[in-house]
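Q: What follows is a single structure, and I will ask about it in a moment.
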C-alpha cells in the first residue's frame, strides 16, 4: 500500500495558515487574541477602575466599538450545545451581547462577528470569572432567529442575551503612516494600547511580543502614538 | 529566509521566534507522519484531516512548552495527535471554525480510506478501542513505543514524564489491555509481548 496523503488543497491551506503566523493576516493569532481578550479585558477594566476611581480611560482610543442594546433580553439555562431563540433580528442589529455563566465541565465556544473567529474558554478553569461577557456575538444566519452555543456534553451553563447595534470610530494615523487605536471588526491597527509598568498608557507593536522567542520573559517598548517615543516597558510573561 | 530542515532544532528556534515560514516548513516535513497516525486513530478521513490541522495549530499555540526529542518536534506532534483523537469533540472546539473554513477537495485518496478501514491493532486490541480504555498519557506512551518505535526514554521526554514512571505506566497499561482482552473471550487472545524496547 502507498503512503496516504493529506488532501493537497487542505494541505496547502494549513501551510498557508501557518506561514501567515507573525503577520497581520494570521487568523490563528486573531483567534488566540480573542480567546485571551475576554480574560484580559476583565483585568484591564478592574485595573482602570482602581487607578481612576471608576472612570474607564479606554473609551478615548480611536477605533473603539460602541455597542448599544436593542430589543428584549432572553435568558435560559442549558447543558451542552444548545440553540437560543433571540426573536427576529431587529433593524440595525450588528451583534449579540451575551453573558454566559458556567463553573464546571468542559469548554464553551461562542462565534463572534468576524468570520471564522470565536471565543472559547474552559468552564472549570478556577482563575476565570464565572460569567463571561461577550459584546460581539455573531448574529443568527440570514432567515434564522437563533444562535447556537457550542458546549461540551455535560457542561451546564446559563445565559442572558440581547441584540445590539455596533458602530466603530476610525483609527488614527501618525506622522509615520502607522495606524493606532484598538482592534475592532476591521482588524488590528499597527499600534495597540498598553499600560507600561510605570503606569503610563501608550501603544505597543503587537509583533514585538513575538520577537522575544520561546520561554523568554522580558519586556517590549511602550510608545507614544508616534510609534517612536518610548515612554515605558510592557512585561511579557512566560506562558 | 532559507531554512535548513536537516537542523530541525534551529528551524524550531525560528518558529518559536514567531516565524510563520518555520512552522510551514515543519508542517511540510511532518504532515505525512502526523496524518498517517491520525488515520489509524479515528474512523473517518475527515476527522484525521481535522486532527492533523489541529496538531500543527497546537504546535504553534503551545510553542513555549513543546519538548523536542532528539531535536525533533515529531514525537510531540504524535502525542498531540493521540490526545486530539481521544477527545475529538473537545479538542475540535478550539479550532472548529478555522478548520471548517479551510478549503478541501473532499475526495479522500484510496490509501487514506484503506488505512481507516484496516483496523490497526495495538498489542492485539483495536487501536481505537485501546486508546478509549487508557488515559491520554498511557495511550500516547503505547502508541509511541509500540507503533512509532520510540524508546521508552524518548517517549517519556515527549510526554513530559520521567523514564521510570513511563516504564511503570507502560507495564500497567499492557496489563490492563491484557485483562480486558481475556474478559472479552477468545477472538482477541493473542499474548501481549513486553518487548525489549520497554
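Q: What number of residues within region A:170-187 are over 17 Å from the mean Cα position of the chain (by Cα) and exposed (fewer than 15 other Cβ atoms within 10 Å of the Cβ)?
A: Of the residues in that region, 4 qualify.
Q: Just checking, which of B:21, B:10 is part of a helix (DSSP H, G or I) and either modelled with pLDDT of 90 or more or within 7 Å of another protein chain (Cβ to nearest Cβ) (or both)? Walk me through it before giving the result.
A: On the way: B:10 fails: either modelled with pLDDT of 90 or more or within 7 Å of another protein chain (Cβ to nearest Cβ) (or both).
Only one candidate passes the filter, namely B:21.
Q: Quick one: which of A:115, A:111, A:93 is without any contact (Cβ under 8 Å) to a residue 40 or more places away in the chain and surrounded by 17 or more Cβ atoms within 10 Å (Cβ to Cβ)? Please lay out each step first, then the result.
A: Details: A:115 fails: surrounded by 17 or more Cβ atoms within 10 Å (Cβ to Cβ); A:93 fails: without any contact (Cβ under 8 Å) to a residue 40 or more places away in the chain.
One residue alone meets the criteria, A:111.
Q: Restricting attention to region B:50-85, which residues are in contact (Cβ under 8 Å) with a residue 60 or more places away in the chain, within 12 Å of the chain's Cα centre (by Cα) and away from every other protein chain (no Cβ under 14 Å)?
A: B:75, B:78, B:79, B:82
Q: Restricting the search to region A:164-219, which residues are within 14 Å of another protein chain (Cβ to nearest Cβ) and either within 26 Å of residue A:116 (Cα to Cα) or at pLDDT 75 or above (or both)?
A: First, pick out the residues of region A:164-219 that are within 14 Å of another protein chain (Cβ to nearest Cβ): A:205-218.
Of everything in region A:164-219, those that are within 14 Å of another protein chain (Cβ to nearest Cβ) and either within 26 Å of residue A:116 (Cα to Cα) or at pLDDT 75 or above (or both) turn out to be A:205, A:206, A:207, A:208, A:209, A:210.
Q: Which one of these does residue B:162 not meet: (1) free of Cβ contacts under 8 Å to residues at least 12 places away in the same chain; (2) more than 22 Å from residue B:50 (Cα to Cα); (3) within 14 Å of another protein chain (Cβ to nearest Cβ)?
A: (3)
Q: Restricting to region B:147-172, what's the tally of residues that are assigned to a helix (DSSP H, G or I) and surrounded by fewer than 22 Cβ atoms within 10 Å (Cβ to Cβ)?
A: Initial filter on region B:147-172 (assigned to a helix (DSSP H, G or I)): B:147, B:152-159, B:163-172.
With the extra rule that they be surrounded by fewer than 22 Cβ atoms within 10 Å (Cβ to Cβ), the set shrinks to B:147, B:152-154, B:157, B:163-165, B:167-169, B:171-172.
Residues that pass the stated criteria total 13.
Q: Let me ask something additional. Would you confirm whether any residue within region B:110-118 is crowded, with 22+ Cβ neighbours inside 10 Å and either out of contact with any helix residue (DSSP H, G or I) (no Cβ under 7 Å at 6 or more places or on another chain) or not in a helix (DSSP H, G or I) (or both)?
A: For region B:110-118, residues crowded, with 22+ Cβ neighbours inside 10 Å and either out of contact with any helix residue (DSSP H, G or I) (no Cβ under 7 Å at 6 or more places or on another chain) or not in a helix (DSSP H, G or I) (or both): absent.
Q: Let me ask you something else. Scan region A:9-24 for residues that are within 7 Å of another protein chain (Cβ to nearest Cβ) and in a helix (DSSP H, G or I) and report the count.
A: Here the count works out to 8.
Q: For residues that are within 28 Å of residue A:168 (Cα to Cα) and surrounded by fewer than 18 Cβ atoms within 10 Å (Cβ to Cβ), tally how many sit in region A:96-108.
A: Step one: list which residues in region A:96-108 are within 28 Å of residue A:168 (Cα to Cα), which gives A:96-101, A:108.
Filter once more, keeping what is surrounded by fewer than 18 Cβ atoms within 10 Å (Cβ to Cβ): A:99, A:101.
Residues flagged as within 28 Å of residue A:168 (Cα to Cα) and surrounded by fewer than 18 Cβ atoms within 10 Å (Cβ to Cβ) within region A:96-108 amount to 2.
Q: Tell me, which residue of region B:119-141 that is part of a strand (DSSP E or B) and touching a residue at least 12 places away in the same chain (Cβ under 8 Å) is nearest to the chain's Cα centre (by Cα)? Spell out the reasoning first.
A: In the first step, residues of region B:119-141 are kept if they are part of a strand (DSSP E or B); the result is B:121-122, B:125-126.
Then drop every residue that is not touching a residue at least 12 places away in the same chain (Cβ under 8 Å), which leaves B:122, B:125.
On the way: B:122: 13, B:125: 17 Å.
By that ranking, first place goes to B:122.
Q: Being over 16 Å from the mean Cα position of the chain (by Cα) and either within 14 Å of chain B (Cβ to nearest Cβ) or surrounded by fewer than 19 Cβ atoms within 10 Å (Cβ to Cβ) (or both) narrows it down to one residue among A:161, A:153; which is it?
A: Values: A:161 fails: either within 14 Å of chain B (Cβ to nearest Cβ) or surrounded by fewer than 19 Cβ atoms within 10 Å (Cβ to Cβ) (or both).
So the residue among A:161, A:153 that is over 16 Å from the mean Cα position of the chain (by Cα) and either within 14 Å of chain B (Cβ to nearest Cβ) or surrounded by fewer than 19 Cβ atoms within 10 Å (Cβ to Cβ) (or both) is A:153.
Q: Continuing with this model, one more query. In region A:227-239, how many residues are part of a loop (DSSP other than H, G, I, E, B), surrounded by fewer than 14 Cβ atoms within 10 Å (Cβ to Cβ) and at pLDDT 80 or above? Talk me through it step by step, then tell me what you get.
A: Start the filter on region A:227-239 by keeping residues that are part of a loop (DSSP other than H, G, I, E, B), which leaves A:227-229, A:237-239.
Of the ones still in play, those that are also surrounded by fewer than 14 Cβ atoms within 10 Å (Cβ to Cβ) are A:228-229, A:237-239.
Checking which are at pLDDT 80 or above leaves us with A:228-229.
Number satisfying all stated conditions: 2.
Q: Filter region A:151-186 down to the residues that are under 21 Å from residue A:222 (Cα atoms) and touching a helix residue (DSSP H, G or I) at 6+ places or on another chain (Cβ under 8 Å) and list them by number.
A: Taking region A:151-186 and keeping what is under 21 Å from residue A:222 (Cα atoms), we get A:171-184.
A:182, A:183 - these are the residues of region A:151-186 that are under 21 Å from residue A:222 (Cα atoms) and touching a helix residue (DSSP H, G or I) at 6+ places or on another chain (Cβ under 8 Å).
The values are calculated or read from the model by the stated rules, or taken from the named source; none is laboratory data. Just so it is clear, the structure is predicted and the values come from calculations on it, not from any experiment. Cβ atoms come from the backbone with ideal geometry, glycine included; neighbour counts cover every protein chain shown.
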